[in-house]
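Taking it in order: structure first as structure tokens, then the write-up.
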Amino acid sequence: MARAYDVQAIERKWQERWAQQGTYQLDPDDPRPPWYVLCMYPYPSGPAHQGHVRNYTFGDLLVRYRTMQGYGVLSPFGFDSFGLPAENAAIKTGEHPRSFTDARIAELKASVLALGAVYDWRREIRSHDPRYMRWNQLIFLRFLEHGLAYRASAPVNWCPGCQTVLANEQVLADGTCERSGDLVVQRDLEQWFFRITAYADELLAELDHLEWPERVKTMQRNWIGRSEGAEIDLPVVGAADGAALRVFTTRPDTAFGMTFAVVAPEHPLLDRLTQPAQRAAVEEIRALAQRSSQLERTAAGDPASLEKRGAPTGSSVLNPFTGQPIPVYVADYVLMGYGTGAIMAVPAEDERDWAFAQAHGLPVVRTTKPPEGFEGGAWTGDGPKINSGFLDGLDVAAAKARAIEWLEAEGKGRRVVHYRLRDWLVSRQRYWGCPIPVVHCPTDGIVGVPEDQLPVLAPDDVEFRPTGESPLARHAGFRHTTCPRCGGPAERETDTMDTFVDSSWYFLRFCDPWAEDRPFDPALAARYMPVDNYIGGIEHAILHLLYARFFTKALVDVGLAPGVPREPFARLFTQGMIRMDGTKMSKSKGNLVAPQKYFETVGADALRLFHLFVGPPTDDVDWTEQTDEVIEHGCGGFLERVWRLCVEPEVASWREGDPEEHDRELLRGAHRLVAKVTEDIERWSFNTAVAACMQFSNDCARYLRTAPGGPHRATLDETLDRLLLVLAPMTPHVAAEAWERRHGPGADIHRMPWPSADPELVRQDTVTLVVQVNGKLRDRLAVPADADEDQVVALALGSPKVLAALDGQQPKRIVARPPRLVNLVVG
RNA sequence: GCCCGGAUGGCGGAAUGGUAGACGCGGGGGCCUCAAAAGCCUCUGCCCUUCGGGGCAUGCGGGUUCGAGUCCCGCUCCGGGCACCA
């Protein structure tokens, strides 16, 4: 295609100029009001894909827009450069993860630069950089000192494919690994945890104040899973030591209806409760639970399978409310990891208990009166209490409160809040991650590596083998060390940290990446934080965003971030995915359409414009056969028309002198465009902003062709300048070049202030009056914008079309909304 | 099963309860050209039309309203999240 201008040359020119002039660098002493725009830093997997392009196009638009508005915009970029793919590549090819990763970073960075997105590259962070790792490790030690990091033996999710432990968050609902897809199994191992549960309440409560998509907030609320209820101690019948089974329930009001109790197969009291005659059956359930995957264990159970999955222990406990003994069962529908790992079963008011009771022939006692005509099993709704002694007649809420009061007064239970959220398992048995900076000493136990010895770096001379054992654990030189406290022989921790640790505070380091004596200067972090616009994919709705929120709070609390806001991201924007043939476009699916080919043909501006124009930014994008056409003709063609209009318009003769009415109308259009684009950017409606620009450039082209006596030069100049200014954040290269051609060498559109719209000019003098008869459109009339009710009604009744529609009938009612609408209601 | 979204021309999508389909892609016709590409102009929801216009249209069925794509109730389908969490 013959192009109006040399796309590649001007894109290269301006990219070099932005880099060389440091236009988007922000110094710590910058006097402008700060604004922090951040795209989630990427895992460097090679050249950018369309998802990156979409993300950085939105981010870059905001960076340039806020800059033009006079903000000192903090726009940093970095790489989440630890992670499994590099290590897996090492196992396959022998290439060291560092050189592999650095090569991928170079590729990704090149395509980000080619997109024309601007960053303060002096602030670049790579999480595998020892200068970053050092502070990662220091934070770990501070967490350790403050009891926020701890080591515990726990049944953990072990992925046989990745040969490592996974966090709960990395196990999908069907029990498979989110990365490899293998079935995850349970193993008991010593692991490191972060005590995120200590922040459960705050993490939940502060969601209410964040300008985040409701969807994401709901997902986090569900994930935290707060539930209020009671713990009740059920004394074991015949226990000489007064042992009791502690259960958790959210329905203490139903306690009179408990007809049995159930413990999880892993429950510590199970051995004691199991009578000799039941031993074999209990062991079977226990073995079943152990070898079951999450999938089998949590699959919706029909009564038949529940029968197989539970067995009586032969022991009984006392219901403290009735004083009656009830049998204790073991069943794998009760999970050790939630509540107390034991429940009181009320089949009349709980679906699962109902199913289990049906399968095992256990009695049912209703304690809530179901509505008339209810014929189902468990009734979980509200109703008056029955069969419940002192609770009878109360509704559910009142009975809950009364039951808890009674339990606390009697010393038989207490009000308690439980969370679904678990502590964050951070240790990974892998090489390509940040080493956990502790030493295991036979005499001193766990000892943190002294801060002046950080960072602890993994040795390069390791062997990458697909055995699953960490290369660090096999490396004698790394592993054997001396205890920093007693000087005796000791072993280094060989686990590394979850890469989500790296991404939990990088946005704080961006505020002060030069700090050499601490992770960052709290005063600078307080200046820029919270991030004003955080932009990324919905896939991080739970994991990354929850961890980062936890970290920010914890960093304040351990003294590393005094004065820094406790919530890191004020406004979150989650962009849609790029899909192809109904599935997510991704490297693993092999359906990537690399941005590179567009850079080499239509250019970055056209591709950016496409991503802005294709639809609302939150929506998924379907990449179809039509897409190339839209990018090339729709977007690329538009930019060429803008170029011709602004740089080399074909004008037979210019008209001088005072502007006439049609000239003023063009100028009014330019002011309306500015108002519209400003408003649309503020509400993240980029697609309509682009549409407005297209429409207006069509108006300008028509004016150029049709203005009587030729276009009025001064008017057209002012008009086109405004068009270019609003395009500058969207298509920065062509806007910059066209601007320079119009205003001479050295003129830089990106240093211009964002234009304002004159309200006088935005206002319309004449508007279209719509006349309806019985709600149906019958005529359109041009009326003055300040026409009042009498005027519009008179005009409406004077319209021949309206009179024809009325067909002689008198309007029974006239609804007038001057100046835009009149509705005449007849018969 | 529960909780969120969504459904508008051939396609992507516009539309504070007040002109449905902005803008763009695709398609038709025309200009330019020896011809084509590119570019430019123009038409383009469906049906009827005596070419003036008329009727029908925003997944389906009801309702509120002078007026509903928009609000309410009940469905269908699609997408996403959660799912023995006691």
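The table below lists the values:
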{"quantity": "For segment A:137-287, with +1 on Lys and Arg beta carbons and -1 on Asp and Glu, the positive-most of A:MET219, A:ALA198, A:ILE285 along the dipole", "calculated": "A:ILE285"}
{"quantity": "Whole-Å semi-axes of the ellipsoid equivalent to segment A:365-524 (Cα gyration tensor, √5λ, descending)", "calculated": "56, 21, 20"}
{"quantity": "Helix axis angle, A:7-21 relative to chain A longest principal axis, alpha carbon, degrees", "calculated": "70"}
{"quantity": "Net +/- balance of residues flanking A:TRP514 in space, Cβ distance below 14 Å, scoring K and R +1, D and E -1", "calculated": "-3"}
{"quantity": "Measure of compaction for segment A:731-772 (Cα Rg per 2.2 N^0.38 Å)", "calculated": "1.95"}
{"quantity": "Expected 222 nm ellipticity per residue - DSSP helices of 4 or more, -39500 (n - 2.57), all of chain A, to 500", "calculated": "-11000 deg cm²/dmol"}
{"quantity": "Solvent exposure of chain A as accessible area per residue, Å², 1.4 Å probe", "calculated": "42"}
{"quantity": "Virtual paramagnetic centre 7 Å along Cα→Cβ of A:ASP521, amide N under 13 Å, in segment A:117-132", "calculated": "none"}
{"quantity": "Ordering of A:120-131, A:658-669, A:546-557 by burial proxy (mean other Cβ atoms within 10 Å per residue, highest first)", "calculated": "A:546-557, A:120-131, A:658-669"}
{"quantity": "Magnitude of the charge dipole, segment A:626-753, Cβ model with Lys/Arg +1 and Asp/Glu -1, debye to 20", "calculated": "140"}
{"quantity": "Convex hull per residue volume in Å³, alpha carbons only, for segment A:1-45", "calculated": "177"}
{"quantity": "Length-normalised contact order of chain A in % [C-alpha pairs under 8 Å, at least 6 apart]", "calculated": "13"}
{"quantity": "With Cα atoms, 0 to 90° folded angle of helix A:686-706 axis to chain A main axis", "calculated": "10"}
{"quantity": "Label point 7 Å beyond Cα of A:THR443 along Cβ direction - residues of segment A:484-508 with amide nitrogen under 16 Å", "calculated": "A:484-491"}
{"quantity": "Cα→Cβ-extended label distance, 7 Å offset, between A:ARG763 and A:ASP620, nm", "calculated": "4.8"}
{"quantity": "Where the Cα pairs of segment A:637-743 fall when distances are cut into 10 Å bins, in %", "calculated": "15, 50, 30, 6, 0"}
{"quantity": "Where Rh is the Kirkwood radius over Cα pairs, Rg/Rh for segment A:8-98", "calculated": "1.08"}
{"quantity": "Peptides A:672-678, A:271-277, A:334-340 ordered by average Cβ neighbours within 10 Å, highest first", "calculated": "A:672-678, A:334-340, A:271-277"}
{"quantity": "Label-to-label distance, nm, for residues given as A:ASP786 and A:GLU679 (7 Å Cα→Cβ offset)", "calculated": "2.2"}
{"quantity": "Potential extension, A:TRP514-A:SER756 segment - 0.36 nm per residue separation minus Cα distance", "calculated": "83.4 nm"}
{"quantity": "For chain A, share of DSSP beta bridges that run antiparallel, in % to the nearest 5", "calculated": "75"}
{"quantity": "Projected label distance in nm at A:GLU665 and A:GLU351, using a 7 Å step from Cα toward the beta-carbon", "calculated": "6.4"}
{"quantity": "Dipole magnitude of segment A:441-554 about its Cα centre (Cβ charges: Lys, Arg +1; Asp, Glu -1), debye to nearest 20", "calculated": "260"}
{"quantity": "Percent carbon-and-sulfur accessible area, chain A, ignoring ligands, DNA and RNA, probe 1.4 Å", "calculated": "51"}
{"quantity": "Signed unit charges on C-beta, dipole axis of chain A, positive-most listed residue A:GLY323, A:ALA652, A:THR93", "calculated": "A:GLY323"}
{"quantity": "Net charge of Cβ neighbours under 11 Å - reference A:ALA490; Lys, Arg +1; Asp, Glu -1", "calculated": "0"}
{"quantity": "Inter-centroid distance (Cα atoms) of segment A:391-461 relative to segment A:479-539, Å", "calculated": "20"}
{"quantity": "If the convex hull is drawn through the Cα atoms of segment A:357-450, its volume per residue in Å³", "calculated": "302"}
{"quantity": "Extension gain, A:ARG131 back to A:GLN358 (0.36 nm per residue minus Cα-Cα distance, nm)", "calculated": "75.5 nm"}
{"quantity": "Efficiency of FRET from Cβ geometry, A:ASP208 and A:PHE390, R₀ 30 Å, rounded to 0.05", "calculated": "0.25"}
{"quantity": "Cα-based Rg of segment A:528-672 normalised by 2.2 N^0.38 Å, two decimals", "calculated": "1.59"}
{"quantity": "Given charges at Cβ of Lys, Arg, Asp, Glu: chain A dipole, positive-most of A:THR254, A:SER470, A:ALA541", "calculated": "A:THR254"}
{"quantity": "Segment A:ALA110-A:GLU284, extension gain: residue separation times 0.36 nm, minus the distance between their alpha carbons", "calculated": "56.8 nm"}
{"quantity": "For chain A, the fraction of alpha-carbon pairs in successive 20 Å shells from zero, as %", "calculated": "13, 34, 30, 19, 4, 0"}
{"quantity": "Cα-Cα pairs of segment A:439-483 separated by more than 16 Å (percent)", "calculated": "49"}
{"quantity": "For chain A, size of Cβ-based charge dipole, Lys and Arg +1, Asp and Glu -1, in debye", "calculated": "520"}
{"quantity": "Nearest-ten-degree value, helix A:97-115 long axis tilted from longest Cα axis of chain A", "calculated": "30"}
{"quantity": "Principal axes of segment A:57-101: Cα extent on each, largest first, Å", "calculated": "50, 16, 12"}
{"quantity": "A:VAL651-A:ARG817 FRET efficiency (beta carbon distance; Förster radius 45 Å; 0.05 resolution)", "calculated": "0.55"}
{"quantity": "Net charge over other residues, Cβ less than 15 angstrom from the Cβ of A:TYR71 (K, R count +1; D, E count -1)", "calculated": "0"}
{"quantity": "Listed peptides A:227-237, A:786-796 by packing density, highest first (mean Cβ within 10 Å)", "calculated": "A:227-237, A:786-796"}
{"quantity": "Relative contact order for segment A:453-568, counting Cα pairs under 8 Å that sit 6 or more residues apart, in percent", "calculated": "19"}
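The values are calculated or read from the model by the stated rules, or taken from the named source; none is laboratory data. A quick note: this is a predicted structure, and the numbers were derived from the prediction, not measured. Cβ coordinates were reconstructed from backbone atoms using ideal geometry, including for glycine residues, and neighbour counts include every protein chain displayed. Heads up: the accessible areas ignore ligands, DNA and RNA and are worked out on the full protein's heavy atoms, side chains in. Shrake-Rupley method; radii C 1.70, N 1.55, O 1.52, S 1.80 Å.
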